[in-house]
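Participant: Below is one structure. I have some questions about it.
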Amino acid sequence: MNLSRRNVILGGAGAAALSSIPRALADAAPTTLPAKAEFPVVKAETCLNNARWHPISAGATRAMQDYLTYKASGGGNAADYSAELQSRVKTQFADFIGARPAEVSFVASTTVGENLIASGLGLPHAGGNVVTDALHFDGSLYLYGELARQGMDARIVRPRDGRIDLTQLERVIDKKTRLVALSLVSMINGFEPDLKAVCNLAHSRGALVYADAVQAIGAVPVNVRASGVDFLACSSYKWLMGDMGLGFLYVREDRLDRLRRSQYGFRQLSNVQYHAFPYDPPGEAVMDWTQSNDAGGHFEVGTVSNATLACLGYSLGFLKQLGVENIQAHRQPLLQRLQRELPKLGFEPMTPGESTSPIVTFAIKDTQEIARKLKRANVDIAIYPHRVRISPSVYNDQRDIDKLLEALA
(Lines give C-alpha, C1' and ligand atoms only; values in the text may rest on other atoms or scores of the structure.)
Protein backbone atom coordinates (compact mmCIF):
# COMPACT_ATOMS: atom_id res chain seq x y z
CA MET A 1 0.00 0.00 0.00
CA ASN A 2 1.36 3.42 -0.96
CA LEU A 3 0.94 5.78 2.00
CA SER A 4 2.07 9.10 0.53
CA ARG A 5 0.52 12.53 0.43
CA ARG A 6 -0.15 11.93 -3.27
CA ASN A 7 -2.39 9.02 -2.36
CA VAL A 8 -5.65 9.66 -0.47
CA ILE A 9 -7.15 6.39 0.78
CA LEU A 10 -10.55 5.61 2.14
CA GLY A 11 -12.32 2.94 4.13
CA GLY A 12 -15.15 2.16 6.52
CA ALA A 13 -17.90 4.78 6.49
CA GLY A 14 -15.92 6.74 3.89
CA ALA A 15 -16.35 3.97 1.33
CA ALA A 16 -20.08 4.62 1.25
CA ALA A 17 -19.43 8.30 0.58
CA LEU A 18 -17.00 7.39 -2.19
CA SER A 19 -19.59 5.20 -3.90
CA SER A 20 -21.98 8.15 -4.16
CA ILE A 21 -19.51 10.53 -5.79
CA PRO A 22 -19.54 9.14 -9.34
CA ARG A 23 -23.35 9.18 -9.29
CA ALA A 24 -23.38 12.83 -8.23
CA LEU A 25 -20.93 13.77 -10.95
CA ALA A 26 -22.95 11.89 -13.55
CA ASP A 27 -26.31 13.49 -12.74
CA ALA A 28 -28.18 14.19 -15.97
CA ALA A 29 -28.00 17.84 -16.97
CA PRO A 30 -31.04 19.54 -18.43
CA THR A 31 -31.03 19.69 -22.21
CA THR A 32 -33.21 22.77 -22.63
CA LEU A 33 -32.49 26.42 -22.01
CA PRO A 34 -32.97 28.45 -19.90
CA ALA A 35 -31.76 26.01 -17.22
CA LYS A 36 -33.40 27.84 -14.30
CA ALA A 37 -34.13 24.73 -12.26
CA GLU A 38 -30.42 23.89 -12.13
CA PHE A 39 -29.34 27.17 -10.49
CA PRO A 40 -30.55 28.17 -7.00
CA VAL A 41 -29.40 31.75 -7.64
CA VAL A 42 -32.62 32.45 -9.56
CA LYS A 43 -34.50 32.32 -6.25
CA ALA A 44 -32.15 34.83 -4.64
CA GLU A 45 -31.76 37.56 -7.27
CA THR A 46 -31.88 38.42 -10.95
CA CYS A 47 -28.23 37.74 -11.68
CA LEU A 48 -26.87 39.19 -14.91
CA ASN A 49 -23.32 39.41 -13.58
CA ASN A 50 -21.95 35.99 -14.46
CA ALA A 51 -18.66 37.35 -15.83
CA ARG A 52 -17.73 38.24 -12.23
CA TRP A 53 -18.01 34.65 -10.97
CA HIS A 54 -20.60 32.18 -12.10
CA PRO A 55 -23.07 30.83 -9.53
CA ILE A 56 -22.61 27.11 -8.87
CA SER A 57 -25.32 24.75 -10.06
CA ALA A 58 -27.32 22.41 -7.85
CA GLY A 59 -25.61 19.39 -9.43
CA ALA A 60 -22.14 20.82 -8.83
CA THR A 61 -23.08 21.64 -5.26
CA ARG A 62 -24.07 18.01 -4.68
CA ALA A 63 -20.79 16.83 -6.18
CA MET A 64 -18.81 19.09 -3.86
CA GLN A 65 -20.86 17.97 -0.85
CA ASP A 66 -20.16 14.34 -1.75
CA TYR A 67 -16.44 15.09 -1.92
CA LEU A 68 -16.55 16.83 1.47
CA THR A 69 -18.31 13.80 2.96
CA TYR A 70 -15.54 11.65 1.52
CA LYS A 71 -12.88 13.98 2.93
CA ALA A 72 -14.50 14.01 6.36
CA SER A 73 -14.49 10.20 6.58
CA GLY A 74 -10.76 9.73 7.07
CA GLY A 75 -8.51 6.96 5.75
CA GLY A 76 -8.93 3.28 5.02
CA ASN A 77 -8.36 0.68 2.34
CA ALA A 78 -10.31 1.86 -0.72
CA ALA A 79 -8.76 3.03 -3.96
CA ASP A 80 -7.41 6.57 -4.33
CA TYR A 81 -10.31 8.78 -5.42
CA SER A 82 -8.48 12.11 -5.62
CA ALA A 83 -5.98 10.92 -8.23
CA GLU A 84 -8.80 9.54 -10.39
CA LEU A 85 -10.74 12.79 -10.04
CA GLN A 86 -7.74 14.90 -11.05
CA SER A 87 -7.01 12.76 -14.08
CA ARG A 88 -10.63 12.71 -15.19
CA VAL A 89 -11.17 16.47 -14.93
CA LYS A 90 -7.93 17.24 -16.75
CA THR A 91 -9.06 14.91 -19.55
CA GLN A 92 -12.51 16.55 -19.61
CA PHE A 93 -10.99 20.01 -19.90
CA ALA A 94 -8.51 18.97 -22.57
CA ASP A 95 -11.34 17.50 -24.63
CA PHE A 96 -13.32 20.71 -24.13
CA ILE A 97 -10.64 22.81 -25.87
CA GLY A 98 -9.37 20.26 -28.40
CA ALA A 99 -6.11 19.54 -26.56
CA ARG A 100 -4.37 16.44 -25.20
CA PRO A 101 -4.30 15.93 -21.40
CA ALA A 102 -0.48 15.97 -21.54
CA GLU A 103 -0.70 19.57 -22.78
CA VAL A 104 -2.71 20.73 -19.74
CA SER A 105 -1.45 21.68 -16.30
CA PHE A 106 -3.41 22.61 -13.21
CA VAL A 107 -2.66 26.15 -12.00
CA ALA A 108 -4.07 28.24 -9.19
CA SER A 109 -5.47 30.92 -11.50
CA THR A 110 -5.35 32.46 -14.97
CA THR A 111 -2.82 35.03 -13.79
CA VAL A 112 -0.54 32.35 -12.38
CA GLY A 113 -0.64 30.65 -15.79
CA GLU A 114 0.34 33.86 -17.60
CA ASN A 115 3.16 34.51 -15.14
CA LEU A 116 4.47 30.97 -15.69
CA ILE A 117 4.59 31.60 -19.43
CA ALA A 118 6.39 34.93 -19.00
CA SER A 119 8.96 33.48 -16.61
CA GLY A 120 9.26 30.30 -18.68
CA LEU A 121 10.27 32.43 -21.67
CA GLY A 122 12.88 34.16 -19.53
CA LEU A 123 11.21 37.56 -19.62
CA PRO A 124 12.40 40.24 -19.27
CA HIS A 125 16.06 39.18 -19.31
CA ALA A 126 15.83 37.24 -22.57
CA GLY A 127 15.33 40.54 -24.40
CA GLY A 128 13.02 41.34 -27.28
CA ASN A 129 9.56 42.80 -26.79
CA VAL A 130 6.07 41.85 -25.66
CA VAL A 131 2.90 43.00 -27.41
CA THR A 132 -0.43 43.26 -25.63
CA ASP A 133 -3.46 45.56 -25.70
CA ALA A 134 -5.55 47.74 -23.43
CA LEU A 135 -8.50 45.29 -23.55
CA HIS A 136 -6.38 42.63 -21.84
CA PHE A 137 -6.88 41.87 -18.11
CA ASP A 138 -5.69 44.64 -15.79
CA GLY A 139 -3.56 42.19 -13.78
CA SER A 140 -1.82 41.27 -17.02
CA LEU A 141 -1.18 44.89 -17.94
CA TYR A 142 0.39 45.24 -14.49
CA LEU A 143 2.59 42.19 -15.22
CA TYR A 144 3.92 43.64 -18.46
CA GLY A 145 4.20 47.10 -16.92
CA GLU A 146 6.45 45.69 -14.22
CA LEU A 147 8.51 43.82 -16.84
CA ALA A 148 8.87 47.14 -18.64
CA ARG A 149 10.24 48.68 -15.42
CA GLN A 150 12.87 45.95 -15.53
CA GLY A 151 13.87 46.89 -19.06
CA MET A 152 11.42 44.96 -21.22
CA ASP A 153 10.03 46.62 -24.32
CA ALA A 154 6.29 46.28 -23.65
CA ARG A 155 4.02 47.53 -26.43
CA ILE A 156 0.36 48.14 -25.52
CA VAL A 157 -2.13 48.73 -28.33
CA ARG A 158 -5.12 50.99 -27.59
CA PRO A 159 -8.58 49.98 -28.86
CA ARG A 160 -10.50 51.73 -31.63
CA ASP A 161 -14.29 51.55 -31.47
CA GLY A 162 -14.02 48.82 -28.85
CA ARG A 163 -11.78 46.65 -31.05
CA ILE A 164 -8.14 45.79 -31.57
CA ASP A 165 -7.65 45.71 -35.33
CA LEU A 166 -5.17 43.29 -36.89
CA THR A 167 -3.53 46.16 -38.75
CA GLN A 168 -2.71 47.76 -35.39
CA LEU A 169 -0.93 44.58 -34.32
CA GLU A 170 0.90 44.35 -37.66
CA ARG A 171 2.58 47.66 -36.89
CA VAL A 172 3.97 46.60 -33.51
CA ILE A 173 4.72 42.88 -33.87
CA ASP A 174 8.18 42.47 -35.36
CA LYS A 175 11.05 39.98 -35.55
CA LYS A 176 12.06 40.83 -31.96
CA THR A 177 8.62 40.11 -30.48
CA ARG A 178 8.85 37.22 -28.03
CA LEU A 179 5.21 37.06 -26.93
CA VAL A 180 1.82 38.41 -27.99
CA ALA A 181 -0.57 38.32 -25.02
CA LEU A 182 -4.29 38.97 -25.32
CA SER A 183 -7.69 38.13 -23.90
CA LEU A 184 -9.75 35.74 -25.99
CA VAL A 185 -12.81 37.58 -24.66
CA SER A 186 -12.07 40.94 -23.09
CA MET A 187 -13.27 41.39 -19.52
CA ILE A 188 -13.68 45.09 -20.33
CA ASN A 189 -16.21 44.89 -23.16
CA GLY A 190 -16.42 41.32 -24.46
CA PHE A 191 -14.35 42.00 -27.60
CA GLU A 192 -13.20 38.79 -29.31
CA PRO A 193 -10.05 39.04 -31.42
CA ASP A 194 -9.58 36.71 -34.38
CA LEU A 195 -7.22 34.40 -32.53
CA LYS A 196 -6.23 32.38 -35.59
CA ALA A 197 -5.36 35.53 -37.53
CA VAL A 198 -3.33 36.86 -34.59
CA CYS A 199 -1.46 33.54 -34.31
CA ASN A 200 -0.74 33.47 -38.04
CA LEU A 201 0.65 37.01 -37.88
CA ALA A 202 2.71 36.41 -34.75
CA HIS A 203 4.12 33.09 -35.95
CA SER A 204 5.11 34.61 -39.29
CA ARG A 205 7.39 36.95 -37.34
CA GLY A 206 8.72 34.35 -34.90
CA ALA A 207 6.54 35.32 -31.93
CA LEU A 208 4.46 33.09 -29.67
CA VAL A 209 0.88 33.79 -28.57
CA TYR A 210 -0.71 33.57 -25.12
CA ALA A 211 -4.50 33.79 -24.69
CA ASP A 212 -6.34 34.55 -21.46
CA ALA A 213 -9.48 32.46 -21.95
CA VAL A 214 -11.18 32.91 -18.58
CA GLN A 215 -14.09 34.85 -20.12
CA ALA A 216 -14.28 32.51 -23.12
CA ILE A 217 -14.16 28.82 -22.25
CA GLY A 218 -17.66 27.60 -21.47
CA ALA A 219 -19.21 30.66 -23.11
CA VAL A 220 -17.87 30.59 -26.68
CA PRO A 221 -16.38 27.71 -28.70
CA VAL A 222 -12.63 27.37 -28.15
CA ASN A 223 -10.36 25.00 -30.09
CA VAL A 224 -6.63 25.37 -29.52
CA ARG A 225 -5.78 23.23 -32.55
CA ALA A 226 -7.87 25.29 -34.95
CA SER A 227 -6.51 28.59 -33.65
CA GLY A 228 -2.87 27.55 -33.44
CA VAL A 229 -2.45 29.32 -30.09
CA ASP A 230 0.72 28.41 -28.22
CA PHE A 231 -0.39 29.02 -24.64
CA LEU A 232 -3.79 29.46 -23.02
CA ALA A 233 -4.92 29.76 -19.41
CA CYS A 234 -8.17 30.11 -17.53
CA SER A 235 -9.54 29.87 -14.03
CA SER A 236 -12.57 27.69 -13.42
CA TYR A 237 -14.88 30.02 -11.47
CA LYS A 238 -16.38 31.92 -14.38
CA TRP A 239 -18.03 30.25 -17.39
CA LEU A 240 -16.75 26.79 -16.42
CA MET A 241 -19.00 27.14 -13.36
CA GLY A 242 -16.35 25.94 -10.92
CA ASP A 243 -14.79 27.80 -8.01
CA MET A 244 -11.78 29.92 -7.10
CA GLY A 245 -8.33 28.48 -6.55
CA LEU A 246 -8.06 26.17 -9.55
CA GLY A 247 -7.53 26.73 -13.23
CA PHE A 248 -5.80 25.30 -16.28
CA LEU A 249 -2.74 26.15 -18.35
CA TYR A 250 -2.51 24.78 -21.89
CA VAL A 251 0.89 24.63 -23.58
CA ARG A 252 1.17 23.28 -27.10
CA GLU A 253 3.21 20.11 -26.88
CA ASP A 254 5.91 21.27 -29.29
CA ARG A 255 6.36 24.48 -27.26
CA LEU A 256 7.14 22.84 -23.92
CA ASP A 257 10.86 22.57 -24.59
CA ARG A 258 11.00 26.34 -25.16
CA LEU A 259 9.89 27.05 -21.59
CA ARG A 260 12.16 26.67 -18.60
CA ARG A 261 10.83 25.44 -15.27
CA SER A 262 10.69 28.35 -12.86
CA GLN A 263 9.30 26.53 -9.81
CA TYR A 264 9.59 22.99 -8.54
CA GLY A 265 7.42 20.59 -6.56
CA PHE A 266 6.44 16.98 -6.04
CA ARG A 267 3.70 16.99 -8.70
CA GLN A 268 6.39 17.28 -11.37
CA LEU A 269 7.85 13.91 -10.48
CA SER A 270 6.92 10.59 -12.06
CA ASN A 271 9.22 8.48 -9.86
CA VAL A 272 10.94 8.97 -6.49
CA GLN A 273 13.44 6.64 -4.81
CA TYR A 274 15.01 7.37 -1.40
CA HIS A 275 18.44 6.06 -0.40
CA ALA A 276 18.61 7.36 3.18
CA PHE A 277 16.28 5.25 5.32
CA PRO A 278 15.98 1.66 6.53
CA TYR A 279 15.43 -0.89 3.73
CA ASP A 280 15.97 1.73 0.98
CA PRO A 281 18.14 0.52 -1.90
CA PRO A 282 21.70 1.92 -1.80
CA GLY A 283 22.55 5.05 -3.72
CA GLU A 284 24.97 7.96 -3.62
CA ALA A 285 22.24 10.61 -3.44
CA VAL A 286 19.66 10.95 -0.68
CA MET A 287 16.93 10.73 -3.30
CA ASP A 288 16.68 10.01 -7.02
CA TRP A 289 13.79 11.17 -9.17
CA THR A 290 12.44 11.33 -12.69
CA GLN A 291 10.76 14.49 -13.97
CA SER A 292 7.54 14.24 -15.96
CA ASN A 293 7.87 15.84 -19.38
CA ASP A 294 4.24 16.81 -19.92
CA ALA A 295 2.70 20.19 -19.06
CA GLY A 296 1.96 19.13 -15.50
CA GLY A 297 5.58 18.07 -15.13
CA HIS A 298 6.67 21.55 -16.10
CA PHE A 299 4.26 23.68 -14.10
CA GLU A 300 2.42 21.82 -11.34
CA VAL A 301 3.99 22.22 -7.92
CA GLY A 302 1.80 21.21 -4.98
CA THR A 303 -1.69 20.14 -4.05
CA VAL A 304 -4.76 21.24 -5.97
CA SER A 305 -8.33 21.96 -4.86
CA ASN A 306 -10.12 18.63 -5.02
CA ALA A 307 -13.40 20.24 -3.93
CA THR A 308 -13.23 22.49 -7.00
CA LEU A 309 -12.33 19.48 -9.13
CA ALA A 310 -15.44 17.69 -7.85
CA CYS A 311 -17.46 20.76 -8.86
CA LEU A 312 -15.82 20.79 -12.30
CA GLY A 313 -16.35 17.08 -12.79
CA TYR A 314 -20.05 17.89 -12.84
CA SER A 315 -19.93 21.29 -14.55
CA LEU A 316 -17.78 20.22 -17.50
CA GLY A 317 -20.20 17.40 -18.22
CA PHE A 318 -23.13 19.78 -17.84
CA LEU A 319 -21.62 22.23 -20.32
CA LYS A 320 -20.75 19.50 -22.79
CA GLN A 321 -24.29 18.13 -22.68
CA LEU A 322 -25.82 21.57 -23.22
CA GLY A 323 -23.29 22.42 -25.94
CA VAL A 324 -21.41 25.72 -25.98
CA GLU A 325 -22.88 26.60 -29.38
CA ASN A 326 -26.39 26.17 -27.94
CA ILE A 327 -25.48 28.29 -24.93
CA GLN A 328 -24.20 31.01 -27.24
CA ALA A 329 -27.32 30.85 -29.41
CA HIS A 330 -29.56 31.09 -26.32
CA ARG A 331 -27.67 34.10 -24.99
CA GLN A 332 -27.37 36.10 -28.20
CA PRO A 333 -30.97 37.46 -28.36
CA LEU A 334 -30.63 38.71 -24.78
CA LEU A 335 -27.44 40.59 -25.60
CA GLN A 336 -28.82 41.96 -28.86
CA ARG A 337 -31.83 43.34 -27.04
CA LEU A 338 -29.56 45.09 -24.56
CA GLN A 339 -27.56 46.54 -27.45
CA ARG A 340 -30.81 47.94 -28.90
CA GLU A 341 -32.54 49.18 -25.77
CA LEU A 342 -29.89 50.55 -23.42
CA PRO A 343 -28.70 53.32 -25.79
CA LYS A 344 -32.28 54.65 -25.64
CA LEU A 345 -31.74 55.12 -21.90
CA GLY A 346 -28.53 57.09 -22.34
CA PHE A 347 -26.00 54.24 -22.22
CA GLU A 348 -23.14 54.43 -24.73
CA PRO A 349 -22.20 51.04 -26.27
CA MET A 350 -18.62 49.91 -25.69
CA THR A 351 -19.05 46.42 -27.16
CA PRO A 352 -18.85 45.90 -30.93
CA GLY A 353 -22.29 45.21 -32.35
CA GLU A 354 -21.21 41.96 -34.02
CA SER A 355 -19.93 40.48 -30.76
CA THR A 356 -20.99 36.94 -29.85
CA SER A 357 -19.23 36.83 -26.49
CA PRO A 358 -21.14 36.67 -23.16
CA ILE A 359 -20.41 40.30 -22.25
CA VAL A 360 -21.86 43.68 -23.23
CA THR A 361 -20.55 46.90 -21.72
CA PHE A 362 -21.93 50.42 -21.77
CA ALA A 363 -20.38 53.71 -20.75
CA ILE A 364 -22.32 56.23 -18.68
CA LYS A 365 -21.05 59.15 -16.64
CA ASP A 366 -22.88 58.56 -13.35
CA THR A 367 -23.36 55.00 -12.11
CA GLN A 368 -24.27 55.76 -8.51
CA GLU A 369 -27.98 56.20 -9.19
CA ILE A 370 -27.92 53.09 -11.38
CA ALA A 371 -26.49 51.12 -8.48
CA ARG A 372 -29.26 52.36 -6.17
CA LYS A 373 -32.01 51.48 -8.68
CA LEU A 374 -30.69 47.98 -9.26
CA LYS A 375 -30.22 47.28 -5.57
CA ARG A 376 -33.88 48.16 -4.98
CA ALA A 377 -34.91 45.87 -7.84
CA ASN A 378 -32.61 43.05 -6.67
CA VAL A 379 -30.88 42.94 -10.06
CA ASP A 380 -27.15 42.21 -10.18
CA ILE A 381 -24.85 43.54 -12.91
CA ALA A 382 -21.24 44.74 -12.75
CA ILE A 383 -21.06 48.48 -12.02
CA TYR A 384 -17.82 50.41 -12.38
CA PRO A 385 -17.08 54.13 -12.38
CA HIS A 386 -18.46 55.35 -15.72
CA ARG A 387 -19.45 51.96 -17.15
CA VAL A 388 -21.64 48.91 -16.56
CA ARG A 389 -21.11 45.34 -17.71
CA ILE A 390 -23.92 42.80 -18.26
CA SER A 391 -23.28 39.10 -18.74
CA PRO A 392 -26.28 36.72 -18.92
CA SER A 393 -25.89 32.96 -18.71
CA VAL A 394 -27.73 29.68 -19.25
CA TYR A 395 -30.45 30.38 -16.66
CA ASN A 396 -31.34 33.88 -17.87
CA ASP A 397 -34.18 34.74 -20.24
CA GLN A 398 -35.99 37.76 -21.64
CA ARG A 399 -37.92 38.20 -18.37
CA ASP A 400 -34.60 38.94 -16.66
CA ILE A 401 -33.82 41.54 -19.32
CA ASP A 402 -37.31 43.00 -18.79
CA LYS A 403 -36.60 43.39 -15.09
CA LEU A 404 -33.28 45.11 -15.75
CA LEU A 405 -34.73 47.52 -18.27
CA GLU A 406 -37.68 48.34 -16.01
CA ALA A 407 -35.31 49.07 -13.12
CA LEU A 408 -33.19 51.38 -15.28
CA ALA A 409 -36.08 53.24 -16.92
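The values are calculated or read from the model by the stated rules, or taken from the named source; none is laboratory data. Just so we're clear, the structure is a prediction, and the values are computed from it rather than from any experiment. Virtual Cβ from ideal backbone geometry, glycine too; neighbours counted across all protein chains shown. SASA here: full protein model, heavy atoms, side chains in, ligands and nucleic acids out. Shrake-Rupley method; radii C 1.70, N 1.55, O 1.52, S 1.80 Å.
Participant: Give the distance, in whole Å, between the Cα centre of the stretch 261-301 and the Cα centre of the stretch 310-346.
Facilitator: Here the answer is 44 Å between Cα centres.
Participant: Provide the per residue accessible area, probe 1.4 Å, for the chain, rounded to a whole number of square angstrom.
Facilitator: With all protein chains present, the chain gives 44 Å² per residue.
Participant: Quick check: pseudo-label points 7 Å beyond the Cα along Cα→Cβ at Leu269 and Trp289, how many nm apart are they?
Facilitator: The modelled label-to-label distance comes out at 0.5 nm.
Participant: Once fully extended, how much extra length lies between Leu405 and Arg258, figured as 0.36 nm per residue of separation less the alpha-carbon to alpha-carbon distance?
Facilitator: 47.8 nm
Participant: Pop a pseudo-label 7 angstrom from the Cα along the beta-carbon direction at both Phe277 and Ile156 and give the gap in nm to one decimal.
Facilitator: Once both label points are built, they end up 5.0 nm from each other.
Participant: Counting each pair of different Cα atoms once, what's the Kirkwood radius of the chain in Å, rounded to one decimal?
Facilitator: Every distinct Cα pair counted, the radius reaches 22.8 Å.
Participant: Put +1 on the Cβ of every Lys and Arg and -1 on every Asp and Glu Cβ in the chain; which of Leu208, Asn396, Phe362 then has its Cα farthest towards the positive end of the dipole?
Facilitator: Positive-most Cα among the choices belongs to Phe362.
Participant: So, one more: I'd like the antiparallel share, as a percent to the nearest 5, of DSSP beta bridges with both residues in the stretch 127-202.
Facilitator: In the stretch 127-202, approximately 10 percent of DSSP beta bridges are antiparallel ones.
Participant: Which peptide among 320-331, 199-210, 258-269, 184-195 comes first, and what is the full order, when sorted by highest mean count of other Cβ atoms within 10 Å?
Facilitator: 184-195, 199-210, 320-331, 258-269
Participant: Also: Cross-link list Lys43/Lys403; Lys43/Lys373; Lys36/Lys71: which exceed 21 angstrom alpha carbon to alpha carbon?
Facilitator: Listed pairs above 21 Å: Lys36/Lys71.
Participant: Counting only protein heavy atoms and a 1.4 Å probe, tell me what percentage of the chain's accessible area is made up of carbon and sulfur.
Facilitator: 52 percent
Participant: Let me ask another. Could you tell me the calculated FRET efficiency between His125 and Arg52, based on Cβ-Cβ distance and R0 = 30 angstrom, to the nearest 0.05?
Facilitator: Given R0 = 30 Å and the Cβ-Cβ separation, E is 0.25.
Participant: Just going by the charge dipole of the chain, with Lys and Arg at +1 and Asp and Glu at -1 on Cβ, which of Ala226, Ser57, Tyr67 is farthest out on the positive end?
Facilitator: Of the candidates, Ser57 comes out farthest on the positive side.
Participant: In debye, nearest 20, what is the charge dipole magnitude of the stretch 297-376 about its Cα centre with +1 on Lys and Arg Cβ and -1 on Asp and Glu Cβ, if you could check?
Facilitator: Its charge dipole is roughly 460 debye.
Participant: Further, regarding this structure: Restricting the count to DSSP beta bridges whose residues both fall in the chain, what percent are antiparallel, rounded to a multiple of 5?
Facilitator: Of those bridges, close to 55 percent are antiparallel.
Participant: Moving on to the next point. To the nearest 500 deg cm²/dmol, what mean residue ellipticity at 222 nm is calculated for the chain from DSSP H runs of n ≥ 4 alone, each contributing -39,500 (n - 2.57), summed and divided by the residues?
Facilitator: -11500 deg cm²/dmol, from helical runs alone.
Participant: Where the only charges are on Cβ atoms (+1 Lys, Arg; -1 Asp, Glu), what is the dipole of the stretch 62-210 about its Cα centre, to the nearest 20 debye?
Facilitator: 260 debye
Participant: Measure off 7 Å from each Cα along the Cα-to-Cβ vector at Glu84 and Glu341, then give the distance between these two points in nanometres to one decimal.
Facilitator: 4.8 nm
Participant: In debye, nearest 20: dipole of the chain around its Cα centre with unit charges on the Cβ of K, R (+) and D, E (-)?
Facilitator: Approximately 680 debye in magnitude.
Participant: Counting only DSSP beta bridges with both residues in the stretch 78-180, what percent are antiparallel, rounded to the nearest 5?
Facilitator: Bridges in the stretch 78-180 that DSSP calls antiparallel: roughly 10 percent.
Participant: Among the listed pairs Lys196/Lys365; Lys238/Lys320; Lys90/Lys238; Lys90/Lys176, give every one whose C-alpha distance is greater than 26 Å.
Facilitator: Result: Lys196/Lys365; Lys90/Lys176 exceed 26 Å.
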